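Structure first, then comments.
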Amino acid sequence: MGWAIALHGGAGGIPLSLSPERRLPCEAGIRHCLHIGVEALKANTSPLDVVELVVRELENNPHFNAGKGSVLTTDGTVEMEACIMDDKKRCGAVSGLTTVVNPISLARLVMEKTPHIYLAFDGAEAFAREQGVETLDSSHFITPDNVERLNKAKEAKRVQIDYTQPLHKDKKEETPDADGNSKLG
Amino acid sequence: TVGCVAVDSFGNLASATSTGGFVNKMVGRIGDTPIIGAGTYANNLCAVSATGKGEAIIRGTVARDVAALMEFKGVSLKEAAAYVVEESTPKGNVGLIAVSAAGEVTMPFNTTGMFRACATEDGYSEIGIW
């Protein structure tokens, strides 16, 4: 028995032909965050602090779909969500954030500073201001890559999970269900 | 989506997940990440963070199922996670990372790939995509 850590930067239809321009920054980000987590565990940082620390780093990296770099809604806005939980079943979650730089830290504050486990949208934003966490204009989170992805997804009339490649325009006549785009997953 | 799970040398566990959701999601849509037991879960046996198609992960109570299989069936973390990803969630929908209180690590997925990494105290480390 000893310490252990794992992290992910999203799953999906990642093509084997993924360009180095997209792959290398993600690999570097994952490697960097693993290093941070390992060093924290070696320094006897609590697992709760470690997972928050690592996820904050991933949120701050624009190559991942969280925090800065979050993908866009149909309206071209960001709505971020996060959750944290420990082995005592203490937990906190947030949804519908539009200005909070590190949603995972707000989720932890929900866990530690409220009698609740889940705050969403206006209430979560108000709580963020009450707690004094860092906020920025929504435009901070929107990257040119994600604007382009949204435009392609709209053109194809579908939603996309992480790393899914946009369908060719000719395929937009296929039924949403055939693309795995339905409520049945 | 991004996530991290960790366990220390005393068996203390924690899980965290954060996301922007789907590209082109409807305004107001909530995914699996903030749903306790779906995209994120931890108890005294394991800590789990999931990624993939939120609607499928919520329906499958993916993260809690891993813990429940360990709790009620007595299987290992790897067996529990493998069952949830390979047998009880539709292909192409989910990936997860998990650690157990005993220091096991597993990172199964049934999508084409998942950006992932892990390390353990005995010196093992891994970074992968496919």
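Every number in this text was worked out from the coordinates using simple rules, so none of it is lab data. Since the model is a prediction, treat every value here as computed from it, not as a measurement. Cβ coordinates were reconstructed from backbone atoms using ideal geometry, including for glycine residues, and neighbour counts include every protein chain displayed.
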For the stretch B:57-79, what are the residues that are in contact with a Leu (Cβ under 8 Å, 6 or more places away or on another chain), touching a residue at least 24 places away in the same chain (Cβ under 8 Å) and over 24 Å from A:Gly37 (Cα atoms)? B:Val62, B:Met70, B:Glu71
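Residues are listed down the side, and each one gets a yes or a no for (1) of a type in the set (Gly, Ala, Ser); (2) not in a helix (DSSP H, G or I):
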site: B:Tyr41; (1), (2): no, yes
site: B:Ser49; (1), (2): yes, yes
site: B:Ile57; (1), (2): no, no
site: B:Ala63; (1), (2): yes, no
site: B:Leu69; (1), (2): no, no
site: B:Phe72; (1), (2): no, no
Selection from the stretch A:65-100 of residues that are crowded, with 24+ Cβ neighbours inside 10 Å, more than 8 Å from chain B (Cβ to nearest Cβ) and of a type in the set (Val, Ile, Thr): A:Val100
Could you list all residues from the stretch B:1-51 that are basic (Lys, Arg) and either within 7 Å of chain A (Cβ to nearest Cβ) or touching a residue at least 40 places away in the same chain (Cβ under 8 Å) (or both)? B:Lys25
Just checking, how many residues over the stretch B:115-130 are farther than 20 Å from B:Thr1 by Cβ and either touching a His at 6+ places or on another chain (Cβ under 7 Å) or in a strand (DSSP E or B) (or both)? 3
From the option list A:Val51, A:Val38, single residue qualifying as facing chain B (nearest Cβ under 7 Å), surrounded by 20 or more Cβ atoms within 10 Å (Cβ to Cβ) and either under 18 Å from the mean Cα position of the chain (by Cα) or not in a helix (DSSP H, G or I) (or both) is A:Val51
Members of the stretch A:107-124 found to be part of a helix (DSSP H, G or I) and either of a type in the set (A, V, I, L, M) or within 14 Å of chain B (Cβ to nearest Cβ) (or both), listed by number: A:Ala107, A:Arg108, A:Leu109, A:Val110, A:Met111, A:Glu112, A:Phe121, A:Asp122, A:Gly123, A:Ala124
May I ask you to say which residue of A:Pro103, A:Pro62 is more than 7 Å from chain B (Cβ to nearest Cβ) and under 13 Å from the mean Cα position of the chain (by Cα)? A:Pro62
Quick one: in the stretch B:97-128, which of the residues that are touching a helix residue (DSSP H, G or I) at 6+ places or on another chain (Cβ under 7 Å) and of a type in the set (Val, Ile, Thr) is farthest from the other protein chains (Cβ to nearest Cβ)? B:Thr106
How about the stretch A:9-21: which of its residues are without any contact (Cβ under 8 Å) to a residue 12 or more places away in the chain and either in contact with a Cys (Cβ under 8 Å, 6 or more places away or on another chain) or more than 7 Å from every other protein chain (Cβ to nearest Cβ) (or both)? A:Ser17, A:Ser19, A:Pro20, A:Glu21
Testing A:Ser139 on (1) surrounded by fewer than 23 Cβ atoms within 10 Å (Cβ to Cβ); (2) touching a strand residue (DSSP E or B) at 6+ places or on another chain (Cβ under 9 Å); (3) hydroxyl-bearing (Ser, Thr, Tyr), one condition comes back false. Which one is that? (2)
Restricting to the stretch B:85-110, give me the number of residues that are assigned to a loop (DSSP other than H, G, I, E, B) and farther than 22 Å from A:Val51 by Cβ. 8
